[in-house]
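Working notes, structure below.
The values are calculated or read from the model by the stated rules, or taken from the named source; none is laboratory data. None of these values were measured; they are calculated from a predicted model. Note that each Cβ is placed from the backbone with ideal geometry, even for glycine, and that neighbours are counted across all protein chains shown.
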Amino acid sequence: MITVKLVGGAKKSFSTEKLEFEKSNITIQELIDLLLETKPNDSPELDTENILIAVNGVDSSALEGKSTMIKNDDVVSIIPVIHGGASKKLLYKILSKQIQVVQIKGQKNIDVKFLDDLREKFPKIQLQAISSKFVLNSSHLKKILSLSLESQKNDVLLSNKLETDILMRFAISKQISAAIASAGIKPKTDFLLIAIGNKTSLDSLYKQVSPQSIPLFSKNNEAFLKKSFDISKKQIDSVYSKNPLEDILVETAAVLL
């Protein structure tokens, strides 16, 4: 038996907080298909492109993604991440790198020194802060991180540091100073703290910053991103995709060299 816990808006699609299926040894993708078949026709749609899926408390992105096998007695949590998502921490595994992402509430006394102090305290972790306004959703976030890590692997980073490459790709800028000015950490502005390191160090970091963390992707940044990067409706309409804005942002970030 597999237990599926539904969080936030996902509960509205099924009018319950928990589902149980007499199945085992199926992939996450097969579970998603099963959920869509099970959902009542008259209930709100379940946006399967913008959900976090955790197996026994571990984000599937840190496992095998949609190919992750779900076994008997596993507990799977479905968490929407665009509107009202409740998750405060994302865990990814990209090219064997462990990545943790937390959103920090902007405050008057939090600026670049906050990041410098964390880097000094956690020297084994690569850290970068990105203004939350420059991240569309979890998929956009993961794709940009994948671009930067692939660039590091192939020795074609935009700068001499992975952390700077990440910032430049979210800012879609070839100039480091411009990227810092637009998408870098600023007082009173919410930001994503991206950390790359081993599990022990990442857990220690999370314990320190969690009191200042807020739910991820609680705001819709589509309008801001379209305006900031001058993306027109015509451009959006010309892209044949379920997520045209995301695809435009990622493709532009990929060709900055």
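Before moving on, here are some points about what is shown:
- If you filter region 1-17 down to residues that are out of contact with any helix residue (DSSP H, G or I) (no Cβ under 8 Å at 6 or more places or on another chain) and either modelled with pLDDT of 90 or more or hydrophobic (A, V, I, L, M, F, W, C) (or both), you find that the one that is surrounded by the most Cβ atoms within 10 Å (Cβ to Cβ) is A10.
- Enumeration of residues in region 158-185 that are part of a loop (DSSP other than H, G, I, E, B) and either surrounded by 18 or more Cβ atoms within 10 Å (Cβ to Cβ) or touching a Phe, Trp or Tyr at 6+ places or on another chain (Cβ under 7 Å) (or both): L158, I172, S173, G184, I185
- For region 240-257, the tally of residues that are exposed (fewer than 15 other Cβ atoms within 10 Å of the Cβ) and either over 18 Å from the mean Cα position of the chain (by Cα) or β-branched (V, I, T) (or both) stands at 5.
- Note on region 102-113: among residues that are outside any loop (DSSP other than H, G, I, E, B) and surrounded by fewer than 17 Cβ atoms within 10 Å (Cβ to Cβ), the one that is farthest from the chain's Cα centre (by Cα) is K113.
- Residue among S241, S177 that is modelled with pLDDT under 95, farther than 18 Å from Q100 by Cα, in the same structural domain as V135 (by TED's automatic domain parsing) and among the hydroxyl-bearing types (S, T, Y): S241
- Residue check, I99 surrounded by 19 or more Cβ atoms within 10 Å (Cβ to Cβ), touching a Phe, Trp or Tyr at 6+ places or on another chain (Cβ under 6 Å) and either part of a strand (DSSP E or B) or at pLDDT 80 or above (or both): yes
- Pick from region 128-157, criterion among the β-branched types (V, I, T) and assigned to a loop (DSSP other than H, G, I, E, B), ranking: farthest from the chain's Cα centre (by Cα): V156
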